[in-house]
Amino acid sequence: MSVPIQDPAVAEHSTFPCSSCGAELEFAPGQSALKCPHCGTQNDISPTDAKVEEIDYHATIASLKDQTDTIDAITIHCDSCGANVTFDEGVTSQSCPFCGSNVVAARQSQRLLKPKSLLPFQFTADQSQQRFGSWLKGLWFAPNDLKKLASIEAISLGKGVHSTSKGGTQLVGIYLPYWTFDAKCVTPYTGQRGDNYTVTVGSGKNRRTQTRIRWSFRSGIVHNQFDDVLTPGSITLPAKLLDKLGNWDTKALVPYDDRYLAGFRAESYAIDLDDAFVAAREQMLEVIRGTIRRDIGGDHQRITSMSPQFSAITFKHVLFPLWVSTFRYRGKLYRFLVNARTGAISGERPYSAWKIAFAVLGALAVIGIIALVASKN
């Protein structure tokens, strides 16, 4: 099997000059078209016959081990957050788009799989900026001066990077790498089924009913089929922030096309295919345990052994769109993310110690009053 190789970040895609003024066209979120940011000329992205396909996992792993071709590219690795992003030609230093830290380019040679599909941007930068403002206003226990003092870090991203800086904020459009896995699994297991029963114990005033468990041996075989189990290919952003962005509609994936990346950056994956499957397998095993418990039945279940046998494993290397920003409050950097498909938001934020303290004191005061009233009754 021939493995498609790319440079360490897919941001170094083709450019598309405007036929009217010569400026570089950018992908217009939500419109499936390229649009000139200077004169407004718009070119629709025509549908292609290409399909989003599942790729054989084991064949790809074997092919990667035999692959000797590499591509030399200027990339950055941010020591602060772990991101891997390609520099524009001729640029040797700039700020990391994920955390704002200054980084210096280093020429690296890597073998990476190309993404074969992606979810195009749906939300625009301005729409995401409005959601940032609403999110900021709705924060509980936030410092009173947060809205006034919070300012989006100015991130130098180089030529041709989609961002907005209206109203003092700057959001950067970035594609994040993910892996999806399909698999079938047959799992023989042994375990115990627990059924509740009641007995009466004691006598007189101490007579009472107790619930006990009767355990019995169980064994069987369960079948599971998995579709699009997701695991991030990036270590840049905390999992707790990504989890809050909600689900990604993998059924809406479109075949990879450079035009969707026009004006945006994309991070290359830091988690390899085999390591990604290890993470996905853990998710699958948790589902299998649930299937076994349902198969055992009863009120309680114990799984003493399970031997999952995976087959028909396939994967996709995909890109998901995010709007990313960083803002500073009293010298500390905070990150804010927008799911560019659904508008779901996730962010880090400061807390007001005074507001929390007053809230705790208020709650204690209420509890004290209730206890006082109860004691008088």
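Read-outs throughout are calculated quantities, based only on the coordinates presented, and are distinct from any laboratory measurement. Because the structure is a prediction, the values reported are computed rather than measured. Using ideal geometry, Cβ is built from the backbone for each residue, glycine included, and neighbour counts are taken over all protein chains shown.
Order of Lys114, Lys65 from fewest to most other C-beta atoms within 10 Å?
Ascending Cβ contact count within 10 Å gives the list Lys65, Lys114.
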Here the FRET efficiency for Thr190 versus Asp227, based on Cβ atoms and R0 = 25 Å and rounded to 0.05, is 0.35
Under the rule of at least 5 residues apart or a separate chain, name every residue whose amide H is placed under 5 Å from the amide H of Cys18. Ala23, Glu24, Leu25
Estimated distance in nm for a label pair at Ser307 and Asn206, the labels positioned 7 Å out from Cα along Cα-to-Cβ: 5.0
Starting with the fewest neighbours, write out Val172, Val186, Val254 ranked by other beta-carbon atoms found within 10 Å of each beta-carbon. Val186, Val254, Val172
